1. Starting from the alpha-carbon convex hull of the protein assembly as shown, give the projected area averaged over all orientations, in nm².
2. Below 13 angstrom from the Cβ of A:Ala65, what's the summed charge of the other residues (Lys, Arg +1; Asp, Glu -1)?
3. Taking a label point 7 Å from the Cα of B:Gln66 along the Cα→Cβ vector, which residues of region B:102-129 have an amide N closer than 12 Å to it?
4. Measure out, as a whole number of angstrom, how far apart the alpha-carbon centroids of region A:45-98 and region A:158-188 sit.
5. Note down the relative contact order for region B:1-138 as a percent, whole number, built from C-alpha pairs under 8 angstrom at least six residues apart.
6. For a test of the definition: using alpha carbon positions, the gyration tensor, and the 1.5 limit on a/c, classify region B:23-224 as rounded, prolate or oblate.
7. Over all alpha-carbon pairs in region A:35-188, figure out the percentage whose distance exceeds 25 Å.
8. Quickly work out the A:Ala36-to-B:Arg134 label distance, labels modelled 7 Å from Cα along the C-beta direction, and quote it in nm with one decimal.
Amino acid sequence: MKYLKESPSQTAGPYVHIGCTPNFAGIRMYDGDLGATMKRGPVQGEEIVVTGAVHDGMGAVLMDAMIEIWQADAAGLYPSPREVRGRADPNFTGWGRSAGNPETGLFTFDTVKPGQVPWRDGTLQAPHVTVWIVARGINLGLHTRMYFEDETEANATDPILKRIEHRNRIPTLMARKTANGVYRFDIVLQGVGETIFFDI
Amino acid sequence: MSEGYIRRDRDWHPPALHTAYKTSVMRSPRAAPLSFPTSLGEETGPVFGHDMLGALDNDLITNFAQPGQMALGPRIIVQGRVLDENGRGVPGALVEVWQANAGGRYRHKNESYLAPLDPNFGGCGRVITDAEGRYEFRTIQPGPYPWPNGPNDWRPAHIHFSVFGQAFAQRLITQMYFDGDPMIWQCPIVGSISQTAAIETLIAKLDMTQTIPMDARAYHFDIVLRGNRQTLFENRQEGS
Ligand SMILES: [Fe+3]
């Protein structure tokens with residue numbers, strides 16, 4: 001059998017938005033930018049807004065990052081052909097992409113609160129969103145997870161959170177509820193409060 | 001339950017911190033990433049249908065040009081396959097590309113290089129792989145460009161690639177270089193990859209058999225995404 005090595009990563013560079021969100025970059029292409037909306041119509045479950053920023057090791061907010069999220073629907077089903085447990089909400093894409101606000105760097109996702117999804121051994125994970133960050137200066141896209149601070153009970157038994165040795169870093173994975181249906185999630189690339197990233 | 005995706009070889013990929021690439025100094029995590037096997041959330045991913053593509057999405061020579069106009073520069077076709085580590089073609093993979101124009105200038109508000117914009121070149125395109133994982137797009141060969149890093153750093157001619165496989169664990173952004181370009185070996189971003197063999201996999205090969213005579217030369221570039229461990233196991237069984 002022919003086994004190949006994965007293509008090595010290279011930074012997304014300063015102009016990732018030309019390729020991935022051209023309309024945001026001022027280049028009118030396609031029928032709008034992919035991932036700009038996660039809803040095709042009325043969706044099931046609690047609709048939420050997640051907003052936040054990516055910070056570098058000096059505390060500066062990145063103005064040239066691109067964030068993608070991937071998550072289950074409100075029932076905990078992924079809108080994917082590989083989802084075999086049921087049919088996900090047809091109006092929910094599960095995938096969002098944000099270039100961040102050009103003035104503030106704040107990314108925003110209009111999404112739904114995900115339901116619980118089983119871990120490999122069948123135990124239920126706490127509601128969470130998979131997050132992927134690329135930017136100039138990031139050599140390999142960074143994977144992390146966003147959990148919800150207000151899901152205290154589910155978080156306490158989450159198989160991944162349970163296995164994190166440095167308990168004081170767990171808050172770096174928690175979105176804070178700032179208003180009804182509004183969550184704040186900041187990503188710190190380096191230093192004090194550095195987000196836990198996953199080799200997953 | 002599947003066995004999950006093959007772990008990334010972090011010695012093959014560039015490390016987060018590569019001091020010669022100055023921006024990585026403040027944007028590289030200090031703690032080691034936490035290792036977990038993939039689960040459903042990483043083994044699924046968004047699906048992109050061929051129906052979402054416009055007729056010119058994979059033709060950067062005309063997709064931004066005025067009617068009847070074309071982008072300036074050496075005309076090329078870039079073609080290849082998206083494969084997984086098990087050597088299987090990945091069908092339905094979304095490939096998004098972006099690049100500078102023939103003079104090395106990007107169409108971007110932060111771009112300060114003195115080379116001129118080409119009014120007929122936007123610099124982005126996209127394509128979805130066919131049932132065998134093949135993709136193809138037409139463009140102009142981008143120019144090299146200087147960038148603020150060291151006092152005199154230049155990027156080799158390159159095309160940026162963003163690729164979705166069938167699982168979010170396979171998500172990858174990389175760059176394609178051109179065979180024979182001496183600038184490849186002077187670039188701090190290329191140099192973030194420590195192994196020469198790994199760098200060589202990012203260098204597209206001129207393929208004269210695929211050129212369109214009197215029109216465009218062809219470059220071949222394959223992209224490999226992470227593979228599934230279960231597939232690996234099945235293949236072993238089949239092969240025994
Ligand atoms: Fe570039």
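None of the figures in this text is laboratory data; all of them are computed from the coordinates on show. It should be emphasised that the depicted structure is a prediction, and the values quoted were computed from it without experimental measurement. FYI the Cβ positions are ideal-geometry reconstructions off the backbone, even for glycines, and counts take in every protein chain you see.
1. Convex hull of Cα atoms, orientation-averaged projection: 21.6 nm².
2. Value of the local net charge: -1.
3. Label zone hits: B:119-121.
4. If you average the Cα positions of each part, the centres end up 15 Å apart.
5. Relative CO of region B:1-138 lands at 27 percent.
6. Here region B:23-224 falls in the oblate category.
7. I get 29 percent for the Cα pairs in region A:35-188 exceeding 25 Å.
8. 3.3 nm
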